[in-house]
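So the structure is just underneath, and the comments pick up after that.
The values are calculated or read from the model by the stated rules, or taken from the named source; none is laboratory data. What you see is a predicted model; the values in this text were computed from it and never measured. Here the Cβ positions follow ideal geometry from the backbone for every residue, glycine too, while neighbour counts run over all protein chains shown.
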């Protein structure tokens, strides 16, 4: 995993943010929730026969943050990253990255879904009085659950880890305490990744 350099950068940003607490008397807290469309890149390719792959799903997240200045915040979030499914019948072939596999049963299904808890540093710049552009980078602890089912058996697998995630977007002030975010995010999951585009509503206290 390519996390060591990112941990150093994020740690430095967190220390800088913590230092700014002494320079600002008031911290602005906010919470929010959002939904979007996700693409779960599983590395599956070269399908043959009746094999079918669906990597598109819905994603959802909730988050809470603390703004230490108009341009800098720290955010904690939970995200449901969606599901990818692969189906096939006896003799159908597929590759995962460079490894080849073959289905040995009819009506076989492989489903993989992920979830994530992450913390990120969010930097923003004003575009107009009501619109800010922002970017984020952070670390997230992810968990992936996979289920392999055939008419005769069912097998469950689990994997987890810690990787980077990042995103860019815009925030639009709707009314004094309520904003709308439109954001594209990218989550690393070891050799896989999830990309999402969605919208969120947030409330500032």
The residue from 111, 73, 60, 66 that alone is part of a strand (DSSP E or B), in contact with a strand residue (DSSP E or B) (Cβ under 6 Å, 6 or more places away or on another chain) and within 20 Å of residue 197 (Cα to Cα) is 60
Determine which single condition residue 97 fails, assuming it passes every other condition in (1) loosely packed, with under 15 Cβ neighbours inside 10 Å; (2) at pLDDT 95 or above.
-> (2)
Return only the number of the condition from (1) closer than 21 Å to residue 55 by Cβ; (2) modelled with pLDDT under 95; (3) surrounded by 13 or more Cβ atoms within 10 Å (Cβ to Cβ) that residue 198 does not satisfy.
-> (2)
Of the residues in the stretch 163-177 that are loosely packed, with under 13 Cβ neighbours inside 10 Å and under 12 Å from residue 130 (Cβ atoms), the one that is modelled with the lowest pLDDT is 176
Single unsatisfied condition, residue 9 versus (1) modelled with pLDDT of 50 or more; (2) over 19 Å from the mean Cα position of the chain (by Cα); (3) surrounded by fewer than 18 Cβ atoms within 10 Å (Cβ to Cβ) | (1)
Residue 162 under 22 Å from residue 55 (Cβ atoms), in contact with a strand residue (DSSP E or B) (Cβ under 8 Å, 6 or more places away or on another chain) and not in a loop (DSSP other than H, G, I, E, B) = no
